[in-house]
1. Please pick out the residue among Leu96, Leu83 that is of a type outside the set (Gly, Ala, Ser), in contact with an Asp or Glu (Cβ under 8 Å, 6 or more places away or on another chain) and under 17 Å from Ile117 (Cα atoms).
2. Considering each residue of the range 150-170, count those that are in contact with a Lys or Arg (Cβ under 8 Å, 6 or more places away or on another chain) and without any contact (Cβ under 8 Å) to a residue 40 or more places away in the chain, and give that number.
3. Go through the residues of the range 163-170 one by one and say whether even a single one is modelled with pLDDT of 80 or more, out of contact with any helix residue (DSSP H, G or I) (no Cβ under 9 Å at 6 or more places or on another chain) and among the β-branched types (Val, Ile, Thr).
4. From the residues in the range 172-182 that are buried (at least 17 other Cβ atoms within 10 Å of the Cβ) and part of a helix (DSSP H, G or I), which one is farthest from the chain's Cα centre (by Cα)?
5. In the range 21-61, how many residues are within 14 Å of Lys3 (Cα to Cα) and either among the acidic types (Asp, Glu) or outside the structural domain of Val80 (by TED's automatic domain parsing) (or both)?
6. Are any residues in the range 15-35 surrounded by 21 or more Cβ atoms within 10 Å (Cβ to Cβ) and in contact with a Leu (Cβ under 8 Å, 6 or more places away or on another chain), and if so, which ones?
7. Is one or more of the residues making up the range 78-91 in a loop (DSSP other than H, G, I, E, B), in contact with a Gly (Cβ under 8 Å, 6 or more places away or on another chain) and under 14 Å from Gly39 (Cα atoms)?
8. When you look at Gly99, is it at positive phi and not acidic (Asp, Glu), yes or no?
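The values are calculated or read from the model by the stated rules, or taken from the named source; none is laboratory data. Everything quoted here is computed from the prediction, not taken from an experiment. Here the Cβ positions follow ideal geometry from the backbone for every residue, glycine too, while neighbour counts run over all protein chains shown.
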Amino acid sequence: MTKPVILVVDDEQDILDLVEYNLIKQGYEVLITDNGRDGIQLAKKHHPALILLDIMMPRMDGHQVCSNLKQDPELKDIPVIFLTARSDEQSEVRGLDEGADDYLTKPISISKLMSRIKVVLRRVREPLEVPKNNLVFENLTIDRDRYVVLKNSREIRLPRKEFEVLYLLASQAGKVLSRQHLLNEVWGANIYVIDRTVDVHIRKIREKVGDSLIETVKGVGYRFRKP
């Protein structure tokens, strides 16, 4: 069985050494680099199962790297976990807005890091368990087989998490789903991300497929309206 490859991008050598040692110990194959530009090149060459990404780096910071990855059709589905000294909410929200799957702050808890990696990789291997058929609503088709949305025959591609949030809401059209329910189903009950994560993804979905499809139910959550 092939070992999952994890790419670690961080400009602190002690962090690279610590994370690499523990990842190898857990049975992963590891690629490391100390700058963002080389991180993108390694991702293109090796297509890792997951990327651990620092923010504050020379030449290209982590936010720029994540944005570049998510804009590349061949790399956009690689899960990204930010591993950074920045603990402010603004930076965390920005990272999640850019498409990161998780955000961990330094100093590192190795046991927590390994747990988060397992959860994210499991979510990638085991897609969201909702009805497998495509969903069709008048001028809107949510194609689960290809992970695309068709609106008035125009193809819209969403990052994996945005698609899963939309699909989950649409599969239960008319029902209000709480932020916590969306977090548990899409990100997993054992992974910690803030409620604001859902709001960020809903905003991005609305920008791409229209404001009227997803209704905010104040103090409760969100509801998908049939077109």
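1. On the way: Leu96 fails: in contact with an Asp or Glu (Cβ under 8 Å, 6 or more places away or on another chain).
The match here is Leu83.
2. Within the range 150-170, residues that are in contact with a Lys or Arg (Cβ under 8 Å, 6 or more places away or on another chain) and without any contact (Cβ under 8 Å) to a residue 40 or more places away in the chain number 1.
3. Scanning the range 163-170, I find no residue that is modelled with pLDDT of 80 or more, out of contact with any helix residue (DSSP H, G or I) (no Cβ under 9 Å at 6 or more places or on another chain) and among the β-branched types (Val, Ile, Thr), so the answer is no.
4. Of the range 172-182, the ones buried (at least 17 other Cβ atoms within 10 Å of the Cβ) are 177, 179, 182.
Cutting the leftovers down to part of a helix (DSSP H, G or I) gives us 179, 182.
Details: Arg179: 16, Leu182: 14 Å.
Applying the filter and picking the extreme gives Arg179.
5. 1
6. Scanning the range 15-35 gives a single hit, Val19.
7. The first filter runs over the range 78-91 and keeps only residues in a loop (DSSP other than H, G, I, E, B), leaving 78-79, 85-88.
Next, only the ones that are in contact with a Gly (Cβ under 8 Å, 6 or more places away or on another chain) stay: none.
There is no residue in the range 78-91 that is in a loop (DSSP other than H, G, I, E, B), in contact with a Gly (Cβ under 8 Å, 6 or more places away or on another chain) and under 14 Å from Gly39 (Cα atoms).
8. Values: at positive phi: yes; not acidic (Asp, Glu): yes.
So Gly99 fits the description; yes.
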